[in-house]
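Enquirer: Pasting a structure below so you can have a look.
The values are calculated or read from the model by the stated rules, or taken from the named source; none is laboratory data. Not measured: the values here are computed from a predicted model. Using ideal geometry, Cβ is built from the backbone for each residue, glycine included, and neighbour counts are taken over all protein chains shown. The accessibility values were calculated without ligands, DNA or RNA, using every heavy atom of the protein model including side chains. Shrake-Rupley method; radii C 1.70, N 1.55, O 1.52, S 1.80 Å.
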Amino acid sequence: MAQEDVFKKIVSHCKEYGFVFPSSEIYDGLGAVYDYGQYGVELKNNIKKYWWDSMTLLHENVVGIDSAIFMHPTIWKASGHVDAFNDPLIDNKDSKKRYRADVLIEDYLAKIDEKTDKEVAKAAKRFGDAFDETQFRSTNPRVLEYQQKRDEMHARFAKALNDSNLEELRRIIIDAEIVCPLSGSRNWTEVRQFNLMFSTDMGSTSEGAMKVYLRPETAQGIFVNFLNVQKSGRMKIPFGIAQIGKAFRNEIVARQFIFRMREFEQMEMQFFIRPGEEMEWFDRWKKTRMTWHKSMGLGDGKYRFHDHDKLAHYANAATDIEFEMPFGFKEVEGIHSRTDFDLSQHEKYSGRKIQYFDPELNKSYTPYVIETSIGVDRVFLSIISGSYCEEMLDNGESRVILKLPPALAPVKLAVLPLVKKDGLPEKAGEIIDMLRFDFRCQYDEKDSIGKRYRRQDAIGTPYCITVDHDTLTDHCVTIRFRDTMEQERVRIDKLNEIIAGKVSMKNLLKKITD
Ligand code: GAP
């Protein structure tokens, strides 16, 4: 099945099974804004808990905060967002459609890569075991031609971004003969900068009102609380501050479902260190974060690092962790070495001294910062995309299944009485009463047992427990495992232990500490 079709199926699955709904749907929706349904919110909460525990339980020197969304407007001046948080936009004069100039060029570069990969795949098929990919890539004339074209374009693109050269970005689009996907024309406007922050007025009178912004990142709430946390917690460098919260960006080219939203949620951690130690900590956090992603079991090959062509105004090193979504490898998390930019800026704009006295060095300095910044919604999308499967069964039927990591699944077990009578529903109720304090359980008595299994597979429930007539006398139930569909007869008093062994968050946390 084409990846585009897989993605469409995932989007409709999310809606049909109560994971993600378009916002304000009965009013025809609101662009790039989404609501999480009854199962979506559970999965999202589990993702957030896994991240939070991995930061604050596994690192003694990382603590959490929850800062307000509204902040003093000068914060955004100091951080550089008022002046520099822009996207370069270009319009097609025929379709009147607006695009991000950098995204048009990135898509074009990705297409060249695809062509190269196709040549390599064709040759690999032709030569079989004797195929030497490295040699082929370095000698095949067509591949070399593609590579040269890509490298030249990429070098121009990186320079244009770094120089904020809007005219050169336009030139690249013209030279590469990039067409508007809608009109098919090359009739482009100039490239213009567009600030991504939403603003509103705070205060009751028009004269007294103050323009405030909806935060475009949670990070600044951490920087402006650096002194509060350091002093009240008697924190010693190195230490980190973690936060989960909503962020808002007026994304012009909002697309790909919950990948690029106007209201989204971030999980950010700022790690404060001695100046000069940033590269060592940057590498350590890169490794730690990649291990976290891979621990979810979606496939190690689905992740890769991607170093930034253009460093943000605050960074001296930056990389993304990308996940292979149905629409290609895409950024899920950014890891940035932010130097002392933010703390120094806030010192300058607030007039307060924001420094740390290091007792070991016997001197004060402005700490450097390594940031890990991850979008909850993008992790959500990577988990759903990585675990969505359609399987043909031996009996000719098919099933749609979410092979979610058990610890993150919205519902851990479903208890299903074989029939709606003979005391089986009551027995099922007793089992739920026993397990509900430890696991999210669901009771279902409607339809055939097969249909009920399918419903649980579709929301990713790892265990189904069937209560039958024998249960009333032998105190055993049948436990069915989601992925293998194997069934086992087990004692009711063993259920808690069996299920906890697989669904506890501890399993994931242990994986990343080993
Ligand atoms: N504090 C640094 C920062 O905000 P970023 O790379 O702009 O860095 C970090 O954003 C993460 O936030 C991204 O890797 C992504 O997961 C998520 N994110 C950013 N914009 C988003 C959007 N419009 N919709 C959903 N997630 C987004």
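Enquirer: Mind checking the log10 I(q)/I(0) for region 225-266 at q = 0.20 Å⁻¹? Debye, one equal scatterer per Cα, no solvent, two decimals.
Expert: -0.67
Enquirer: Would you list which lysines come within 23 Å of LYS363, measuring only between C-alpha atoms, while excluding same-chain residues fewer than 8 positions from it?
Expert: LYS231, LYS236, LYS348, LYS353
Enquirer: List the pair-distance distribution P(r) of region 173-299, using every Cα-Cα distance, as the percent of pairs falling in each 10 Å bin from 0 up to the bin containing the longest distance, rounded to whole percents.
Expert: Pairs per bin, as whole percents: 9, 22, 28, 24, 13, 3, 0.
Enquirer: Turning to a different aspect of this structure: Could you report the accessible area of SER12 in Å², rounded to 10, computed with a 1.4 Å probe on the protein chains as they sit in the structure?
Expert: Answer for SER12: close to 60 Å² accessible.
Enquirer: Given a Förster distance of 22 angstrom, what is the FRET efficiency for VAL179 paired with GLU133, based on the Cβ-Cβ distance and rounded to 0.05?
Expert: Working: r = 32 Å, r/R0 = 1.46.
E between VAL179 and GLU133, to the nearest 0.05, is 0.10.
Enquirer: Which FRET efficiency, nearest 0.05, do ALA158 and ILE498 yield, Cβ-Cβ r, R0 56 Å?
Expert: Values: r = 54 Å, r/R0 = 0.96.
Efficiency, rounded to the nearest 0.05: 0.55.
Enquirer: Now, a different point. When the chain is fully extended, how far beyond the present Cα-Cα distance does ARG399 get from PHE21, taking 0.36 nm per residue of separation?
Expert: 133.8 nm
Enquirer: In nm, to one decimal, how far is the VAL253 label point from the LYS231 one, both placed 7 Å along Cα→Cβ?
Expert: Result: 4.6 nm between the two label points.
Enquirer: Hey, got the Cα dimensions of the chain along the principal axes, in Å, largest first?
Expert: Computed over the Cα atoms, the extents are 77, 65, 55 Å.
Enquirer: Something else now. What FRET efficiency would be calculated for the residue pair ARG454, VAL6, taking the C-beta separation as r and a Förster radius of 25 Å, to the nearest 0.05?
Expert: About 0.80, to the nearest 0.05.
Enquirer: Next up: For region 312-422, treating each Cα as an identical point scatterer without solvent, what Debye log10 I(q)/I(0) comes out at q = 0.13, 0.16, 0.23 1/Å?
Expert: Taking Cα atoms of region 312-422 as identical point scatterers yields -0.77, -0.93, -1.25.
Enquirer: Normalise the Debye intensity by I(0) for region 86-195, one equal point scatterer per Cα, no solvent, then take log10 at q = 0.11, 0.12, 0.23 Å⁻¹ and round to two decimals.
Expert: Rounded to two decimals, the profile gives -0.44, -0.51, -1.17.
Enquirer: For region 401-513, what does the accessible surface come to per residue with a 1.4 Å probe? Please give it in Å².
Expert: Heavy-atom SASA per residue in region 401-513 reads 47 Å².
Enquirer: When the accessible area of region 401-513 is computed with all protein chains present and a 1.4 Å probe, what percentage of it is carbon and sulfur?
Expert: 52
Enquirer: Show me the three semi-axes of the equivalent ellipsoid for region 212-362, from the C-alpha gyration tensor (sqrt of 5 times each eigenvalue), largest first, rounded to whole Å.
Expert: 29, 20, 14
Enquirer: SER350 to LYS111: extension gain in nm, 0.36 nm per residue of separation minus the Cα-Cα distance?
Expert: Details: separation 239, 0.36 × 239 = 86.04 nm, distance 4.70 nm.
Extra length available between SER350 and LYS111 comes to 81.3 nm.
Enquirer: If SER398, SER344 are ordered by their accessible area, calculated over protein heavy atoms with a 1.4 Å probe, which sequence runs from highest to lowest? Could you put the intermediate results ahead of the total?
Expert: Values: SER398 75, SER344 40 Å².
These residues rank, largest area first, as SER398, SER344.
Enquirer: Take each complete run of DSSP H in the chain, measure how far its Cα atoms stretch along the helix's own axis, and keep only those covering 15 Å or more with mean Kyte-Doolittle hydropathy at least 0.5; list them.
Expert: Passing helices, by number: 376-387.
Enquirer: Would you mind checking the pairs LYS421/LYS446; LYS48/LYS246; LYS420/LYS451; LYS294/LYS510; LYS15/LYS412 and listing those with alpha carbons more than 18 angstrom apart?
Expert: Numbers: LYS421/LYS446 12 Å; LYS48/LYS246 12 Å; LYS420/LYS451 15 Å; LYS294/LYS510 13 Å; LYS15/LYS412 20 Å.
Exceeds cut-off: LYS15/LYS412.
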